[in-house]
Amino acid sequence: MEKELACALAALTTGIYVLTVSEGGTHHGMSSSWVSQVSGIPPLFSAAVDNQHFSCAAVLRTGRFGLNVVGSRARELEDYFYSARARRIDNLTALDYELSPALGVPWLKRAMASIEARLAHSFVAGDHTIFVGEPAGVRIGANDRPLTSLDLDYVYLGGKQIIPRDRSGW
């Protein structure tokens, strides 16, 4: 059943995003694929972050975060945040970004869209915390198609579990 469950969860397609935080002089980003709009009025969206990740504690302390939508022409953002080079606290120094106007969270200039959000709610759900964000500002970048989990050669299932995507089927 474990392999079948992994395949079923991998079939839940998601967008590819970079969640960003700013605390003091530190600017950090992490790949985030478990994101969804959860309300229309008021507009709210959720993002799940591993409880052990630096970003989780930073969002809880500051009450704010950024969400950057990765487009298909900016796949190098996903490649960077998936790599060992991004596994450090101040990991945005190699990227072109600006701080958002209202909340001062990093907006990646290569992102097709960026949202700055105030933390409206948080819920611990197993090994992740679900953050519900209320948008405070938006930046629209390049006209592009959002990158999705179907475009990647792997699927993240949580923790250290990453499975390769077999293009010919499971």
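Regarding the stretch 82-100, can at least one residue be identified that is modelled with pLDDT of 95 or more, closer than 24 Å to Ala125 by Cα and polar (S, T, N, Q)? No: zero hits. Inspect the stretch 23-45 for any residue being of a type in the set (S, T, N, Q), touching a residue at least 40 places away in the same chain (Cβ under 8 Å), surrounded by 14 or more Cβ atoms within 10 Å (Cβ to Cβ) and out of contact with any helix residue (DSSP H, G or I) (no Cβ under 7 Å at 6 or more places or on another chain) and give the result as yes or no. There is no residue in the stretch 23-45 that is of a type in the set (S, T, N, Q), touching a residue at least 40 places away in the same chain (Cβ under 8 Å), surrounded by 14 or more Cβ atoms within 10 Å (Cβ to Cβ) and out of contact with any helix residue (DSSP H, G or I) (no Cβ under 7 Å at 6 or more places or on another chain). Scanning the stretch 73-106 for residues that are closer than 21 Å to Ala142 by Cβ, touching a residue at least 60 places away in the same chain (Cβ under 8 Å) and over 15 Å from the mean Cα position of the chain (by Cα) yields a total of 4.
With the condition kept exactly as written, say whether any residue in the stretch 158-165 is at pLDDT below 95, in contact with a Phe, Trp or Tyr (Cβ under 6 Å, 6 or more places away or on another chain), among the aliphatic types (A, V, I, L, M) and closer than 19 Å to Ser55 by Cβ. Yes, the stretch 158-165 has at least one match.
Within the stretch 66-79, restricting attention to residues that are farther than 14 Å from Leu19 by Cβ and not hydrophobic (A, V, I, L, M, F, W, C), the residue that is surrounded by the most Cβ atoms within 10 Å (Cβ to Cβ) is Gly71.
Listed by first and then second residue, the pairs linking a residue in the stretch 48-72 that is closer than 22 Å to Gly137 by Cα and free of Cβ contacts under 8 Å to residues at least 40 places away in the same chain to a residue that is of a type in the set (A, V, I, L, M) and part of a strand (DSSP E or B), with Cβ atoms under 8 Å apart and 6 or more places separating them unless they lie on different chains, are Ser55/Leu19; Ser55/Val21; Ser55/Met30; Ser55/Val49; Ala58/Val21. Once the stretch 94-121 is narrowed to residues that are surrounded by fewer than 17 Cβ atoms within 10 Å (Cβ to Cβ) and not hydrophobic (A, V, I, L, M, F, W, C), the residue that is farthest from Arg73 (Cα to Cα) is His121. Restricting attention to the stretch 50-65, does a residue exist that is touching a helix residue (DSSP H, G or I) at 6+ places or on another chain (Cβ under 8 Å), at pLDDT below 95 and surrounded by 13 or more Cβ atoms within 10 Å (Cβ to Cβ)? So far as the stretch 50-65 goes, yes, one or more of its residues are touching a helix residue (DSSP H, G or I) at 6+ places or on another chain (Cβ under 8 Å), at pLDDT below 95 and surrounded by 13 or more Cβ atoms within 10 Å (Cβ to Cβ).
Only residues that are under 15 Å from the mean Cα position of the chain (by Cα) and at pLDDT below 95 were counted in the stretch 13-24, giving 4. All of Leu9, Leu67, Leu44, Leu5 fail the test of being within 14 Å of the chain's Cα centre (by Cα) and of a type outside the set (Ser, Thr, Tyr), apart from Leu67.
Residues that are at pLDDT 95 or above and more than 9 Å from the chain's Cα centre (by Cα) were ranked within the stretch 25-35; the one that is farthest from Arg139 (Cα to Cα) is Thr26.
The values are calculated or read from the model by the stated rules, or taken from the named source; none is laboratory data. Since we're looking at a predicted model, the values are computed, not measured. Note that each Cβ is placed from the backbone with ideal geometry, even for glycine, and that neighbours are counted across all protein chains shown.
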